[in-house]
Amino acid sequence: QVQLVESGGGSVQAGGSLRLSCAASGRTTYNMGWFRQAPGKEREFVIAITRSGDVTYYAESVKGRFTISRDNAKNTVYLQINSLKPEDTAVYYCAADLSAVLHRSGGAYDYWGQGTQVTVSS
């Protein structure tokens with residue numbers, strides 16, 4: 001069982017920045033993804049990174065503003081969010097995928113964190 005713990009969420013004004021962290025238990029590294037769910041909406045894919053960090057996938061809506069990185073020594077993945085917009089308001093979840101393929105679909109991920117709230121005011 002892998003435990004994922006997100007942190008770094010908060011309330012910011014539009015144009016601001018946040019860095020979310022997701023720490024995974026144990027030493028095994030996984031392909032990791034970030035998803036978000038806004039009130040009244042379905043969960044959506046945001047960004048993902050391979051175990052080695054050499055490949056990343058982005059949702060079109062976040063390209064140029066969101067950056068994913070990882071520190072495998074700490075088994076932690078980071079989501080840097082810049083130029084925040086009110087429409088970025090959501091609960092952000094990190095997820096771990098045991099497979100060798102990087103996925104955009106949430107159904108492919110095996111473990112999920114509890115989520116961290118990001119609220120952006122205009």
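Any read-out appearing in this document is the output of simple, stated calculations on the displayed coordinates, not a laboratory observation. For clarity, every value in this text was computed on a predicted model and none was experimentally measured. Every residue, glycine as well, gets a Cβ built from its backbone with ideal geometry; the counts of neighbours run over all protein chains shown.
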Qualifying GluC sites (Glu not before Pro) for segment 1-108 [loop in DSSP, other Cβ within 10 Å: at most 15] = 42
ask   = Taking amide hydrogens as modeled 1.01 Å from N in the peptide plane, which residues meet the under 5 Å criterion relative to residue 70, leaving out close sequence neighbours?
value = 78
query = In debye, nearest 20: dipole of the chain around its Cα centre with unit charges on the Cβ of K, R (+) and D, E (-)?
reply = 180
query = Kirkwood Rh, Cα Rg: Rg to Rh for segment 1-41?
reply = 1.05
ask   = Ordered by residue, what ³J(HN,Hα) values in Hz, to whole numbers, does segment 90-99 give under the Karplus form 6.51 cos²θ - 1.76 cosθ + 1.60, where θ = phi - 60° and Gly and Pro are x?
value = 4, 8, 9, 10, 9, 9, 10, 10, 6, 6
query = Computed on alpha carbon atoms, what radius of gyration and Dmax characterise the chain, expressed in Å?
reply = 13.3, 40
message = Please give me the summed charge of the neighbours of residue 75: other residues whose Cβ is under 15 Å from its Cβ, Lys and Arg +1, Asp and Glu -1.
response = +1
query = Taking residue 74 as the anchor, which lysines have their alpha carbon closer than 25 Å to its alpha carbon, excluding any fewer than eight residues away along the same chain?
reply = none
